[in-house]
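Asks: Please see the structure below; I have some questions.
The values are calculated or read from the model by the stated rules, or taken from the named source; none is laboratory data. Given the structure is predicted, the values throughout are model-derived calculations rather than measurements. Neighbour counts run over all protein chains shown; Cβ positions are idealised from the backbone, glycine included.
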């Protein structure tokens, strides 16, 4: 919604933007109407019921039931409309469609780091195709940030130690601002970037020229091998750690109850292995906090997600004649490495 001279709202460039703007316009209209009505009534009543002399004594006021019902029911109805409309938008923005393209976003003072599933990495820029559902999985390496794209009318807090989700469907090719909408330090105002919405063929051309060196799942597999995880997570279930094949999205029975193996569970298992230990296994995994980067954790998550029950990319057992590969600091000799934590 724009005037000829002053843009009342930012450009609408997503499927949800029009609905958000309509709700906002409704809120402004209701607020303006009642603000004006109250101001006028104050002036009218001040004049009509003013004290005309020092001896004037007003008569008793008994009120009116009809008037009290009206000024209770009408605001209640208007408020319920706001609530229902806002809830509808909230639930729509909280549930990314199943066919969404997934992208990981990591906030860090003072930049945005983004990873595409195909392996392309970006800094303070996000290239996406037009008319495609995009799901962002966001986390922070330090303090609370907020990923905000005004043209899409979407924003989400980016909190250290957990994942949040934001999604949108861009409707217009173009270049749109990214802001951090949460004060995050002295250079908060510099934590900006751009979303480039491209036609599908242009996006494919950009993607193919992005210098890819394997997808996120493939990079996660390489890290899985490098950290010696294959020595403990044996695909036949005979290792010191649980078999990871096909665990994604399934319930895991741990020492603190049953949890679902999702991104938050895998991340916690890498960085805080003793939090949830799978039943039947010992808590012998060292923490890899500060050893595996946030991007590395995201790659490991995608690898665990990719090794489904068909056995594709199944982690191989280490040869019996070799000692376990490099483990983290303080890891006991011959004890599990990063991989074990993934099973906790």
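Asks: Of 122, 93, which residue is surrounded by 13 or more Cβ atoms within 10 Å (Cβ to Cβ) and without any contact (Cβ under 8 Å) to a residue 60 or more places away in the chain?
Replies: Only one candidate qualifies: 122.
Asks: Condition test on residue 168, is it in a strand (DSSP E or B) and touching a helix residue (DSSP H, G or I) at 6+ places or on another chain (Cβ under 6 Å)?
Replies: Yes; evaluated as a whole, the condition is true for this residue.
Asks: Please verify whether residue 130 is within 23 Å of residue 22 (Cβ to Cβ) and either assigned by TED's automatic domain parsing to the domain that holds residue 300 or touching a residue at least 40 places away in the same chain (Cβ under 8 Å) (or both), treating the condition exactly as stated.
Replies: The answer is yes for residue 130.
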